[in-house]
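Engineer: One structure, as structure tokens, below. Some questions next.
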Amino acid sequence: MNVLLAEYTTARDPALAPEGAAMLDILHKSFTRCGYEVVLPGPGDFYDEIVRLAPTCDMGLVIAPDHLLAKFTLLVEQYSHNLGCGSMNAALCANKVTTEKLLKSHGIPVPADAAGGRHVVKPVAGCGAQGVRLTMDPPGTGEFAQEYIEGEHYSVSLIMSRVVGEACLYFSGNPPLVLAVNRQFIATSTDGAFTYSGGETPVHPAREQEIIGIAVKAVTVLGCQGYCGVDVVVADKIYVVDVNPRITTSLVGIAACMKEEIAALLVSASHGNAPREVHLTGKVRFDTYGTVTPA
């Protein structure tokens, strides 16, 4: 069987290309070890490449910035079997304002709207820490402002079994598979810009189960499936600051510690049958270039 791994940034977004290449490398090796033939898009138009290749593949996965994910995932859904989040739910998560309103309506803590003073400005449709900054200035076009919360930065990596899309074929009701809680290395420059440089995994903070519970509730509310990353800040509450319905850089570290193959987990989850747990050994630090070192 063959699988299309459609990673957008390596040939099309120099700023994010190192992270994209690192994630693609992990996936490519895992699918190969599991006996799949991996198909990669060529250097042409990304949309056209997916249209050309997806019908020839048994399954496919798009790895792309959040604001592009739904558009390209829809093609995989039309022409093949999607291993990632559904296009509708990916589109929802891409709009950070709508996402936070929905989470808040379900009792999930999110940062409040900025009421003046120093605050965080984010793109409404952003990816990672790009364009996120701490400032006194009002948000510009396509941006919004939140209160700044001082706290510890973590992410939770999960795999959701099939919940939407081909539900009649594959819905099982299986619970989310939690891979790991990851510490995030996030710095603020002198001009207020946030920078993400990698992290440490697995970690076990004092409020680990509460962090996991909030993350699971968030992705369940949003109807995510496949691999997801939920970014949180731990302060007086555990605040969800972003939900990524896609492969994230944390996979680089998790794969180095995990006994199971990420490829097998993704395929199983796409049929509603992700296992209930994985087995991690040791702890590592990883960066956005794919470098992994013991922690």
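The values are calculated or read from the model by the stated rules, or taken from the named source; none is laboratory data. For clarity, every value in this text was computed on a predicted model and none was experimentally measured. Here the Cβ is made from the backbone with ideal geometry for all residues, glycine too, and neighbour counts use every protein chain on show. Side chains are part of the model used for accessible areas, which takes the heavy atoms of the whole protein and leaves out ligands, DNA and RNA. Shrake-Rupley method; radii C 1.70, N 1.55, O 1.52, S 1.80 Å.
Engineer: For the range 213-229, enumerate the residues that are of a type in the set (A, V, I, L, M) and either in contact with a Pro (Cβ under 8 Å, 6 or more places away or on another chain) or open to solvent by 10 Å² or more (accessible area, probe 1.4 Å) (or both).
Structural biologist: ILE214, VAL216, VAL219, VAL221, LEU222
Engineer: Given VAL233, VAL267, VAL241, which one is out of contact with any helix residue (DSSP H, G or I) (no Cβ under 7 Å at 6 or more places or on another chain) and either modelled with pLDDT under 95 or closer than 16 Å to LEU92 by Cα (or both)?
Structural biologist: Among VAL233, VAL267, VAL241, only VAL241 is out of contact with any helix residue (DSSP H, G or I) (no Cβ under 7 Å at 6 or more places or on another chain) and either modelled with pLDDT under 95 or closer than 16 Å to LEU92 by Cα (or both).
Engineer: Confirm whether ALA206 is surrounded by fewer than 18 Cβ atoms within 10 Å (Cβ to Cβ), out of contact with any His (no Cβ under 7 Å at 6 or more places or on another chain) and of a type in the set (A, V, I, L, M).
Structural biologist: Taking the combined requirement at face value, the residue satisfies it.
Engineer: A further question on this structure: Look through the range 275-290, keep the residues that are in contact (Cβ under 8 Å) with a residue 60 or more places away in the chain and over 22 Å from PRO176 (Cβ atoms), and return whichever of them is surrounded by the most Cβ atoms within 10 Å (Cβ to Cβ). Walk me through how you get there before you give the answer.
Structural biologist: First, pick out the residues of the range 275-290 that are in contact (Cβ under 8 Å) with a residue 60 or more places away in the chain: 275-278, 280, 283-290.
Checking the rest, the ones that are also over 22 Å from PRO176 (Cβ atoms) come to 283-290.
Working: LYS283: 17, VAL284: 20, ARG285: 17, PHE286: 26, ASP287: 19, THR288: 20, TYR289: 13, GLY290: 18.
If we take residues in the range 275-290 being in contact (Cβ under 8 Å) with a residue 60 or more places away in the chain and over 22 Å from PRO176 (Cβ atoms), then PHE286 is surrounded by the most Cβ atoms within 10 Å (Cβ to Cβ).
Engineer: Can you find a residue that is at pLDDT below 95 and aliphatic (A, V, I, L, M) anywhere in the range 75-88?
Structural biologist: Within the range 75-88, one or more residues are at pLDDT below 95 and aliphatic (A, V, I, L, M).
Engineer: A further question follows. I'm trying to understand the selection: among the residues of the range 257-295, which are among the β-branched types (Val, Ile, Thr) and part of a loop (DSSP other than H, G, I, E, B)?
Structural biologist: Within the range 257-295, VAL278, THR281, THR288, THR291 meet the criteria.
Engineer: Which members of the range 230-256 meet the condition of being open to solvent by less than 10 Å² (accessible area, probe 1.4 Å) and part of a helix (DSSP H, G or I)?
Structural biologist: SER250, LEU251, VAL252, GLY253, ILE254 - these are the residues of the range 230-256 that are open to solvent by less than 10 Å² (accessible area, probe 1.4 Å) and part of a helix (DSSP H, G or I).
Engineer: Still on this model: For residues in the range 13-62 being in a loop (DSSP other than H, G, I, E, B) and in contact with a helix residue (DSSP H, G or I) (Cβ under 6 Å, 6 or more places away or on another chain), which is surrounded by the most Cβ atoms within 10 Å (Cβ to Cβ)?
Structural biologist: PRO41
Engineer: Sticking with this one: From LEU177, LEU134, which residue is touching a residue at least 60 places away in the same chain (Cβ under 8 Å), open to solvent by less than 40 Å² (accessible area, probe 1.4 Å) and over 19 Å from the mean Cα position of the chain (by Cα)?
Structural biologist: Details: LEU177 fails: over 19 Å from the mean Cα position of the chain (by Cα).
None of the other options fit; the residue is LEU134.
Engineer: Mind checking whether some residue in the range 272-285 is closer than 24 Å to PRO65 by Cβ and in contact with a helix residue (DSSP H, G or I) (Cβ under 8 Å, 6 or more places away or on another chain)?
Structural biologist: no
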